[in-house]
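Novice: Structure in structure tokens, see below.
Values in this text are rule-based calculations from the coordinates and carry no lab data. Owing to the predicted nature of the structure, the values given are computational and were not obtained by experimental measurement. Note that we place each Cβ from the backbone using ideal geometry, even for glycine, and neighbour counts take in every protein chain shown.
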Amino acid sequence: MKIRPKVGVVSCSGECCSLGTLSRVATRLILEGVRPETVTLCLPLFLAGDSGEREFAQRFPTIPVDGCHKQCAKKAIEKYSGPTAADVDVEALLEEWDEKAPEDRRVLGEADVELAERVAAEIAKRIDWVQGGQDA
Ligand code: SF4
């Protein structure tokens, strides 16, 4: 049986805009169904200096899921724990798909939830790639 490495996904806090809402919802979809064996790190706790969160990101492959090009989660992980295994920039994905960000950052409509599911599928591709499965 092939042993697949544990992977951590880290959403940016994303309270500033609806792109951040998409990153958080897509990450929850991963944890609650798409790839339930995946674990997450709490970015605010990580930034506050928690040694357990930072050590995890040093020892295990970690994938930041950022709402926009500022890539706060990726930069934080790379600053305090080292290189990330792969990353997701939701704003870049929306540009690639020619899709607009949700209008509301608190309430997602049906189309927005579908967009979050597409983002979750992209996260899943990267998890598979990191674990040595299909191409990302
Ligand atoms: S990456 Fe963008 S959306 Fe996420 S917390 Fe930073 S500024 Fe906000």
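Novice: If you average the sequence gap of Cα pairs under 8 Å that are 6 or more apart and divide by the length of segment 8-129, what percent do you get for the contact order? Write out the running numbers ahead of the final one.
Specialist: On the way: 194 pairs, mean separation 40.4, N = 122.
Across segment 8-129, relative contact order equals 33 percent.
Novice: State to the nearest 20 debye the size of the charge dipole of segment 8-129 about its Cα centre, where the only charges are +1 on K and R beta carbons and -1 on D and E beta carbons. List each step's numbers first, then the result.
Specialist: On the way: 15 positive and 23 negative charges, 109 e Å.
Here the size comes out at about 520 debye.
Novice: Continuing with the same structure: Leaving out same-chain residues fewer than 8 places away, which aspartates and glutamates sit with a Cα under 12 Å from that of LYS79?
Specialist: none
Novice: Straight-line reach from LYS6: which aspartates and glutamates have Cα under 12 Å away, leaving out those fewer than 8 places along the same chain?
Specialist: Answer for LYS6, where 12 Å is the Cα cut-off: GLU37, ASP128, listed by chain and number.
Novice: Which value at 222 nm does the chain reach when only helices count, each DSSP H run of 4 or more adding -39,500 (n - 2.57), with the total divided by all residues and rounded to the nearest 500 deg cm²/dmol?
Specialist: On the way: 6 runs with 64 residues, N = 136.
The helix-only estimate for the chain comes to -14000 deg cm²/dmol at 222 nm.
Novice: Can I ask one more? In segment 51-136, which trypsin sites (Lys or Arg not before Pro) fall in coil by DSSP and have 12 or fewer other Cβ atoms within 10 Å?
Specialist: Working: sites: ARG54, ARG59, LYS70, LYS74, LYS75, LYS79, LYS100, ARG105, ARG106, ARG118, LYS125, ARG126; in loops: LYS70, LYS100, ARG105, ARG106.
Passing sites in segment 51-136 are LYS100, ARG106.
Novice: Still on this structure, I have one more. Cut-off under 28 Å on the C-alpha distance; same-chain residues fewer than 8 positions from LYS100 excluded. Which lysines are left, in chain and number order?
Specialist: LYS70, LYS74, LYS75, LYS125
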